[in-house]
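Input: a single structure, listed below in structure tokens.
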Amino acid sequence: MPHDTPAPPPDAEARRAVAPVICYPVETLPVPDLAAYRAARATARKTGEVLVPPREGRCFRVPAGHFFRITCVGGPQVGDLNLWNAADLSERFYSGKTRALHGSHLSTGDRMWSALPFLRPMATIVADTLGWYGIDPFGGSVHDVIGTRCDPYTHRLLSGGDYHHCCHSNLTRALADATGLPLAEAEMHVHDVLNVFMCTGFTRDTGQYFMKASPVRPGDHLEFLAEIDLLGALSACPGGDCSAEHSSDAAACFPLLVETFAPEAPPAGWAPPAPNGYGRSHGRRDGR
Ligand SMILES: [Zn+2]
């Protein structure tokens, strides 16, 4: 990307040397009681499963207090996850604020937060078999909330031509099928995703979003507690392990398995979180 670079001021190095400050210190966030979550999970029985075919999307429902697990089956495969409040599609996963709170990549103990004005945990990660990966020498890590989802509009913009099995379209068809909404209406509810199993980062020299072959292997999984009643949609990305390209049928693609589990009782001390308590006056007394 060409930039018109101005000459640096005399104190440029001093300005660059200022130490960063964390935007959103999370010490005040309520911490999930993972021990209680895991104790409940240990009692859970499987209630259902959905196999997401390669280059397709599928929806699934999870009641509050139940668990869901996304598993790599067959071969390395990336999944694009959307979440909605099952009773209100306007409450959707908020990738950007989740990133601001937890960082660019999620793992055990992190939450998927919902959009304003709700801003509450929708799901909490309780197990991540790729938790060992950490941050690699390229600055890459797994399960990012920095990407968006592959979509046919960007594909057309950059490459020309139409491709119909981008994650955006897969999620759109899945949501339309699950809700009965017309395709065009369902599309408006599709949003930026949690990139399950995807390995991504930003290049240090240009700041560009990069991807590399996912370290996921069959049997690896990511597991969540549903904090509220959820409608989820998962797309098995046409990029497969996202080692080379997406938005085409070129990559080897595999299915992803979604399983749901009901505990004998919800985690001890747990209750579904209430929507954010801000009064929404936005500083105007009459609210108009
Ligand atoms: Zn994709």
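The values are calculated or read from the model by the stated rules, or taken from the named source; none is laboratory data. Nothing here was measured: the structure is a model prediction, and the numbers come from that model. Counting neighbours? That spans all protein chains shown, and the Cβs are built from the backbone with ideal geometry, glycine included.
Restricting the first member to segment 256-277 and to residues that are over 18 Å from LEU231 (Cα atoms), and the second to residues that are of a type in the set (S, T, N, Q) and outside any strand (DSSP E or B), the beta-carbon pairs closer than 9 Å and six or more apart or on different chains are PRO263/THR43; GLU264/THR43; ALA265/THR43.
When the strands (runs of 3 or more DSSP E) confined to segment 88-164 are screened for residues that are more than 18 Å from VAL193 (Cα to Cα), those reaching at least 2 such residues are found at 121-128.
Listed here are the residues, each with its yes/no results for (1) aliphatic (A, V, I, L, M); (2) without any contact (Cβ under 8 Å) to a residue 40 or more places away in the chain; (3) under 21 Å from GLY140 (Cβ atoms).
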{"position": "LYS212", "(1), (2), (3)": "no, no, yes"}
{"position": "GLU227", "(1), (2), (3)": "no, no, no"}
{"position": "LEU231", "(1), (2), (3)": "yes, no, no"}
{"position": "CYS237", "(1), (2), (3)": "no, no, yes"}
{"position": "CYS242", "(1), (2), (3)": "no, no, yes"}
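Restricting attention to segment 203-241, the residues that are touching a Ser or Thr at 6+ places or on another chain (Cβ under 8 Å) and farther than 21 Å from PHE67 by Cβ add up to 9. Meeting the requirement of 3 or more residues that are closer than 13 Å to PRO76 by Cβ, the strands (runs of 3 or more DSSP E) wholly within segment 181-228 are 194-202.
In segment 76-102, the residues that are in contact (Cβ under 8 Å) with a residue 40 or more places away in the chain reach residues that are assigned to a strand (DSSP E or B) and among the acidic types (Asp, Glu) with C-beta atoms within less than 7 angstrom, at least six apart or across chains, in these pairs: TRP84/GLU91; ASN85/GLU91. Among the residues of segment 228-262, what is the count of those that are of a type in the set (S, T, N, Q) and crowded, with 18+ Cβ neighbours inside 10 Å? Result for segment 228-262: 3.
Look at ARG92 and say whether it is basic (Lys, Arg) and under 27 Å from ALA42 (Cα atoms). When the stated conditions are applied, ARG92 does not pass them. Annotation note: of SER243, SER235, SER248, SER281, the sole residue that is part of a strand (DSSP E or B) and either in contact with a His (Cβ under 7 Å, 6 or more places away or on another chain) or not basic (Lys, Arg) (or both) is SER235.
Mind checking which residues of segment 14-43 are farther than 20 Å from ARG99 by Cα, more than 24 Å from the chain's Cα centre (by Cα) and assigned to a loop (DSSP other than H, G, I, E, B)? Don't jump to the end; show me each part of the working.
Here is the first cut: in segment 14-43, the ones farther than 20 Å from ARG99 by Cα are 14-19, 33-43.
Add one more test, that the residue is more than 24 Å from the chain's Cα centre (by Cα), and what stays is 14-19, 39, 42-43.
Once the filter is applied, which keeps residues that are farther than 20 Å from ARG99 by Cα, more than 24 Å from the chain's Cα centre (by Cα) and assigned to a loop (DSSP other than H, G, I, E, B), segment 14-43 yields ALA17, VAL18, ALA19, THR43.
Screening ARG173 on (1) at pLDDT below 95; (2) surrounded by 14 or more Cβ atoms within 10 Å (Cβ to Cβ); (3) among the basic types (Lys, Arg) shows it passes everything except condition (1). For beta carbons closer than 8 Å, sequence separation of 6+ or different chains, a first residue in segment 149-176 that is away from the ligand (no atom under 14 Å from the Cβ) and among the small types (Gly, Ala, Ser) and a second that is in a loop (DSSP other than H, G, I, E, B) and modelled with pLDDT of 95 or more, the qualifying pairs are ALA176/PRO182. What tally of residues in segment 184-227 results from selecting those that are crowded, with 17+ Cβ neighbours inside 10 Å and within 17 Å of the chain's Cα centre (by Cα)? Residues meeting the conditions: 24.
Give segment 78-93 a look and list any residue that's more than 15 Å from the chain's Cα centre (by Cα) and either of a type in the set (Ser, Thr, Tyr) or crowded, with 20+ Cβ neighbours inside 10 Å (or both), or say none. Break it down into steps so the answer makes sense when it comes.
Taking segment 78-93 first, the residues more than 15 Å from the chain's Cα centre (by Cα) are 86-90.
Scanning segment 78-93 gives a single hit, SER90.
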